[in-house]
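Please read the structure below before turning to the comments.
The values are calculated or read from the model by the stated rules, or taken from the named source; none is laboratory data. Just so it is clear, the model here is predicted, and its values are computed rather than measured. FYI the Cβ positions are ideal-geometry reconstructions off the backbone, even for glycines, and counts take in every protein chain you see. Calculation scope for accessible area: heavy atoms of the full protein, side chains included, ligands and nucleic acids excluded. Shrake-Rupley method; radii C 1.70, N 1.55, O 1.52, S 1.80 Å.
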Amino acid sequence: MMHALRHLFASEAINEGVDVYTLADLLGHEDPSFPLRRYMHCVTGAVDKALKAIGQRYHSVA
């Protein structure tokens, strides 16, 4: 049960935009490569989120 809650926490955190270095720290991993490999697949609409963030950045500058 505890593992499932940990996985849910990590998946939701990465999906909400928590960076992998912070997530690794929160989970107690010294190396962020494990959470990166394990949880990045959980990011829903990653490409759309990235395009939106980049578009907002350039729109605010223009």
For this session: Provide the per residue accessible area, probe 1.4 Å, for the chain, rounded to a whole number of square angstrom.
Result: 80 Å²
Problem set entry | Value of [θ]222 nm, deg cm²/dmol, for the chain, DSSP H segments ≥ 4, -39500 (n - 2.57) each, nearest 500 | -22000 deg cm²/dmol
For this session: Would you kindly derive the ³J(HN,Hα) couplings of the range 20-37 from the backbone phi angles with the Karplus curve 6.51 cos²θ - 1.76 cosθ + 1.60 (θ = phi - 60°), listing them in order in whole Hz, with x for Gly and Pro?
Result: 5, 5, 5, 4, 4, 5, 4, 8, x, 9, 6, 10, x, 5, 5, x, 4, 5
Exercise. Sorted by mean Cβ packing within 10 Å, highest first, what order do the peptides 11-19, 27-35 take?
Worked result: 11-19, 27-35
Exercise. What's the carbon and sulfur percent of the chain's accessible surface, probe 1.4 angstrom, rounded to a whole number?
Worked result: 62 percent
Problem set entry | Cα-centre dipole for the chain with unit charges at Cβ (Lys and Arg positive, Asp and Glu negative), debye to 20 | 220 debye
